[in-house]
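Peer 1: Handing you a structure now.
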Amino acid sequence: MNNGKVKITDPTRVLTLANLISLLRAVMAIPIIHSLRHPELAWYTFGLILLAVISDALDGFFARRAHEVTHFGKWLDPIADFIVIISVVYFLVLFDRFPGWFFAFYFTRYIFIALPAIYLLNHTHLILQANKPGKWATGMTCLTVTLHIFTIPQLEWLKIASIIISVILLLWSLALYLILFFREYKKI
């Protein structure tokens with residue numbers, strides 16, 4: 001007896017609650033950037049970023065809970081994260097509130113993950129899963145970005161420390177992705 005509940009297990013579905021949450025997170029880059037243009041809205045910006053971070057946890061939770069983990073969602077989730085983070089970092093760099101080298105590093109890292117992932121998808125139909133250091137790196141990068149929204153001289157050391165930790169986690173996750181890529185590439 002299924003108690004009236006339908007178990008959705010089709011990984012080819014596109015329209016799921018989890019995927020809608022991910023799409024909304026990507027679109028949240030627009031109000032976040034808009035609020036960044038107004039320093040008096042810093043706490044509003046903080047709230048939007050917090051909502052984006054919460055949505056990142058919720059989409060995965062709902063996908064697993066409802067048995068709606070989809071191929072599209074595996075792609076969409078990291079793309080939504082990237083869109084929000086890179087948009088905010090770019091805006092902050094434009095106004096000298098964030099180091100430009102970090103933008104270049106983050107963008108380059110994404111390319112080094114995305115291109116092999118696309119290659120594997122095209123040749124093996126394998127979708128690279130997010131790894132734990134990658135999830136930690138996303139969270140730490142969000143914290144780093146959030147710290148740079150506020151101008152609090154006493155927290156300058158924390159901004160620097162968070163950038164260093166973000167870079168370490170981003171490099172660690174990149175290394176794991178590349179190891180996985182080369183392991184799978186050898187099987188082709």
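The values are calculated or read from the model by the stated rules, or taken from the named source; none is laboratory data. All values reported here derive from a predicted model rather than from experimental measurement. Positions of Cβ are backbone-derived with ideal geometry, glycine not excepted, and every protein chain shown enters the neighbour counts.
Peer 1: Taking only pairs six or more apart or across chains, which ones have beta-carbon atoms under 9 Å, a first residue in the range 153-171 that is more than 14 Å from PHE98 (Cα to Cα), and a second residue that is basic (Lys, Arg)?
Peer 2: These pairs meet every condition: LEU170/ARG109; LEU171/ARG109.
Peer 1: Considering only residues that are more than 18 Å from LEU58 (Cβ to Cβ) and at pLDDT 95 or above, which ones fall in the range 11-30?
Peer 2: Matches in the range 11-30: ILE30 only.
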